[in-house]
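Contents: one structure, followed by commentary.
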Amino acid sequence: MSQSLSIVIMAYNEEASIRAQSEATARFLRRIGLDGQVIIVNDGSSDKTGEIAAELAANDPIYTVVHHHTNLGMGRAIRSGYAAARCEFVSQLPGDGQVTPDTLQRFLPFLPSHDLVLSTYTKRDDGLIRKIVTMGYQLTATAILGNNCAFTGTMIFRRSWLDKVSLSCESFLVNVELPLKMMQAGVKPAYVTIEALSRAHGRSKVLSVKRVVNVVSEMWKLRRNLAKSQGQVG
């Protein structure tokens with residue numbers, strides 16, 4: 001297989017899981033025989049996440065580490081990781097290990113024919129509160145952004161599209177912004193189904209009233225942005 005793949009791992013205070021997730025990702029790339037890059041984005045962690053990432057990079061050139069001095073949020077972490085990507089295709093994984101690197105195996109058959117491969121969940125081991133929040137998010141996103149945003153943040157896309165679309169979302173909505181803008185430009189994605197495991201360590205950073213309000217606000221901004229782009233295209 002001739003493609004190369006950069007995998008971005010976002011981490012904020014994930015010292016209990018970042019080593020295992022990063023090493024598993026490196027093993028995955030080597031096992032499938034891809035020229036690969038593991039990009040660890042330490043988003044201003046106050047624990048040992050940054051130290052662990054730096055240690056990994058010092059001992060293995062497959063790792064690239066991006067450090068934020070302060071916590072800038074998931075959107076900025078993803079965008080920083082994408083900016084550091086050097087391979088033909090780019091993907092991302094959470095630092096908490098809820099989505100394993102082997103999951104990306106399902107995406108690979110589509111890369112020769114698609115610039116974008118998206119995923120939906122068949123199973124997600126979340127608690128009741130997280131399930132309620134997720135349902136609320138899906139209903140709100142559908143109402144504001146339409147029916148074509150029912151996909152997860154786990155995707156693979158051709159890196160050259162980062163030079164063609166402008167990303168501005170500060171939250172995890174950047175994972176919606178990029179695919180929607182690519183589709184608006186005419187890209188037809190392939191879809192796979194995946195599973196997410198329960199968190200083995202720590203807790204989710206997205207379950208707060210402030211974050212929910214910010215995400216809804218960003219949805220409206222993204223809607224206006226997409227409408228403006230559509231008008232320019234038309």
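Every number here is computed from the coordinates shown, using simple stated rules; none is lab data. The structure displayed is predicted, hence computed values, not measured ones. Cβ: placed from backbone, ideal geometry, glycine included. Neighbour counts: every protein chain shown.
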Order these by the 10 Å Cβ neighbour count, fewest first: S171, S6. S171, S6
Inter-site label distance for T152 and H69 at 7 Å from Cα along Cβ, in nm: 3.6
Local electrostatic count, A141, Cβ distance below 11 Å [Lys/Arg +1, Asp/Glu -1]: 0
Apply the Karplus parameterisation 6.51 cos²θ - 1.76 cosθ + 1.60, with θ equal to phi minus 60°, to every residue of the stretch 164-173 and state each ³J(HN,Hα) to the nearest whole Hz, in sequence, with x for glycine and proline. 10, 10, 9, 9, 10, 5, 8, 9, 5, 5
What is the sum of charges, Lys and Arg at +1 and Asp and Glu at -1, for the other residues whose Cβ falls under 15 Å from the Cβ of L5? +3
If each residue of separation counts as 0.36 nm, what is the full-extension length gain between A58 and R106 once their alpha-carbon separation is subtracted? 14.2 nm
Report, by chain and number, residues whose modeled amide H sits under 5 Å from the one on Y191, excluding near sequence neighbours (fewer than 5 apart, same chain). L118
Just list whichever of K164/K228; K181/K221; K164/K221; K131/K210; K181/K210; K131/K228 have alpha carbons separated by over 23 Å in the model shown. K181/K210; K131/K228
Pull up all non-local amide H partners of V8: gap of 5 or more, or a different chain, and H-to-H distance under 5 Å with H placed in the peptide plane. I39, S91, Q92, L93
Counting only DSSP beta bridges with both partners in the chain, the antiparallel fraction in percent, to the nearest 5, comes to 15
Fewest-first ordering of T120, T70 by Cβ atoms within 10 Å yields T70, T120
Taking the chain, how much of its Cα-Cα pair set, in percent, is spaced more than 33 angstrom apart? 12
Could you please report the charge total around P109, scoring K, R as +1 and D, E as -1 over all other residues with beta-carbon less than 15 angstrom from its beta-carbon? -1
Under 5 Å, built H, 5+ apart or other chain: amide partners of V65: I40
What is the order of Y191, Y12, fewest Cβ neighbours within 10 Å to most? Y191, Y12
Go ahead and run the numbers for FRET between K221 and D35, Cβ-Cβ distance against an R0 of 45 Å, rounding to 0.05. 0.75
